[in-house]
Amino acid sequence: MRLLVTGGAGFIGANFVHLTVRDHPDVQVTVLDKLTYAGHKESLAPVGDHIEFVHGDVADFPLVDRLVAQADVVVHFAAESHNDNSLRGPEPFINTNIVGTFTLLEAVRSHGVRLHHISTDEVFGDLELDDPQRFSEVTAYNPSSPYSASKASADLLVRAWVRSFGVHATISNCSNNYGPYQHVEKFIPRQITNILTGVRPKLYGEGLNVRDWIHVDDHNRAVWTILDKGTAGETYLIGADGEESNRDVLALILELMGCGADDFDHVADRPGHDLRYAINSSKLRSELGWKPEFRDFRDGLAATIDWYRLNEAWWRPFKDATERAYDRGSQR
Ligand code: NAD
Ligand code: TDX
């Protein structure tokens, strides 16, 4: 199989390429990545000899058309992915997440190539803390931020291309990922690398917001399950029953890293901050037989902390610029 992976130099995409090279050695992988501030070729160094890397934009139609023509399957991770950036400057989110997905859809339509589109639970908006319902495949779209609105737009384009043009596509909406190679702008790596560089961790507001954490390898194994067994036109939600408040996650990081329970700062809350995400992944589990392998969040988090301790050479070059961008944006 010839597999085109967009955004393969980012956090989830790079972990997906590692998993693919390890578990599916018969698959020929080409990565298309623009290497924005969030893309790092170094994240692909361990598998560099086993893949082809193309530096380019998913919204560049001639390039995408040529690469898609040479592929059997496309897995589409490329995106602007950070909510705080989408509040500071939404334009790249429209270009990459919406126009980029449109570009890819036109190419897979023209060449009859299968597409798996990677999306997020944020398209559904948020839940009350005590809501007994979780997000499922039938939950209505209600995105809150420019980022989540752009991902929702992309999902709707995929659905329309399936229905109107018979494009062979599947969609997955996953909850918050953690693990190695995640950019230090994101909550968990930001706090770990703050502690490692002597900066106090930053908790937005009171930290009562809940995220549904899943290890990135469990997400990527679910994507492979959908590639192997999923039905064209279907959407699958991916989650590992990992709900935690931000306050509790930070408390665990502080404990695991030997800090005091109060060694952090409360900072201004994110405007429009979604309160709670929670995924019901029973369709993926019952129809396709997937289940997560990381069952203990504490163990997964401890392993992630170790990875950041051991891989300072990977994150150090962009740590200071990330914190400066936070300083420029607001109190955060
Ligand atoms: P990331 O920001 O770490 O990586 C994104 C990658 O896409 C980078 O390598 C970047 O260079 C590349 N890219 C950006 N614009 C591009 C363009 N125009 N053309 C080609 N490449 C481009 O993001 P991530 O956290 O790995 O997220 C990957 C996907 O998973 C995204 O679609 C995101 O919406 C989705 N997702 C993320 C999470 C999460 O918790 N991080 C959860 C659910 C879904
Ligand atoms: O310094 C921080 N302090 C803090 O309290 C940061 C960076 C975040 N937070 C809070 C905001 C969120 O409630 O932590 C939570 C997680 O924040 P992010 O890591 O920015 O993730 P989130 O906004 O939940 O979105 C993530 O999950 C869904 C990914 O970034 C998206 O790409 C994905 O679609």
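What the table below lists for this structure:
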| item | result |
| --- | --- |
| Test set (1) open to solvent by less than 50 Å² (accessible area, probe 1.4 Å); (2) at pLDDT 95 or above - residue 299 fails condition number | (1) |
| Every residue from region 16-37 that is more than 7 Å from ligand 1 (Cβ to nearest atom) and open to solvent by less than 10 Å² (accessible area, probe 1.4 Å) | 16, 17, 19, 20, 29, 31 |
| Test set (1) closer than 19 Å to residue 35 by Cα; (2) open to solvent by less than 60 Å² (accessible area, probe 1.4 Å); (3) in contact (Cβ under 8 Å) with a residue 12 or more places away in the chain - residue 89 fails condition number | (3) |
| Residue tally, condition within 15 Å of ligand 1 (Cβ to nearest atom) and over 14 Å from residue 233 (Cα atoms), over region 107-126 | 9 |
| Identity of the residue in region 72-86, part of a strand (DSSP E or B) and away from ligand 1 (no atom under 11 Å from the Cβ), that ends up surrounded by the most Cβ atoms within 10 Å (Cβ to Cβ) | 74 |
| Filter result for residue 171 (outside any helix (DSSP H, G or I), within 13 Å of ligand 2 (Cβ to nearest atom) and within 15 Å of the chain's Cα centre (by Cα)) | no |
| Residue in region 40-59 that is crowded, with 24+ Cβ neighbours inside 10 Å, assigned to a loop (DSSP other than H, G, I, E, B) and at negative phi present | yes |
| Check on residue 32, modelled with pLDDT of 95 or more, assigned to a strand (DSSP E or B), within 18 Å of residue 106 (Cα to Cα) and away from ligand 2 (no atom under 16 Å from the Cβ) | yes |
| Failed condition for residue 103, given (1) in a helix (DSSP H, G or I); (2) open to solvent by 20 Å² or more (accessible area, probe 1.4 Å); (3) touching a helix residue (DSSP H, G or I) at 6+ places or on another chain (Cβ under 8 Å) | (2) |
| Residues that are within 30 Å of residue 206 (Cα to Cα), among the charged types (D, E, K, R) and at pLDDT 95 or above, drawn from region 267-296 | 269, 270, 274, 276, 296 |
| Breaking point among (1) without any contact (Cβ under 8 Å) to a residue 60 or more places away in the chain; (2) among the polar types (S, T, N, Q); (3) under 23 Å from residue 270 (Cα atoms), for residue 150 | (1) |
| Residue within region 36-53 that is β-branched (Val, Ile, Thr) and within 16 Å of the chain's Cα centre (by Cα) present | yes |
| Odd one out for residue 309 among (1) touching a residue at least 40 places away in the same chain (Cβ under 8 Å); (2) over 26 Å from residue 123 (Cβ atoms); (3) within 16 Å of ligand 2 (Cβ to nearest atom) | (3) |
| Of residues in region 60-71 being part of a loop (DSSP other than H, G, I, E, B) and either touching a strand residue (DSSP E or B) at 6+ places or on another chain (Cβ under 8 Å) or more than 9 Å from ligand 1 (Cβ to nearest atom) (or both), the one nearest to residue 8 (Cα to Cα) | 71 |
| Options 164, 153: the member that is farther than 26 Å from residue 282 by Cα, open to solvent by 10 Å² or more (accessible area, probe 1.4 Å) and in a helix (DSSP H, G or I) | 164 |
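The values are calculated or read from the model by the stated rules, or taken from the named source; none is laboratory data. Here the structure is a predicted model, which is why all the values come from computation and not from measurement. All Cβ positions, glycine included, derive from the backbone under ideal geometry; neighbour counts span all protein chains shown. In case anyone asks, the SASA skips ligands and DNA or RNA and just uses the protein heavy atoms, side chains included. Shrake-Rupley method; radii C 1.70, N 1.55, O 1.52, S 1.80 Å.
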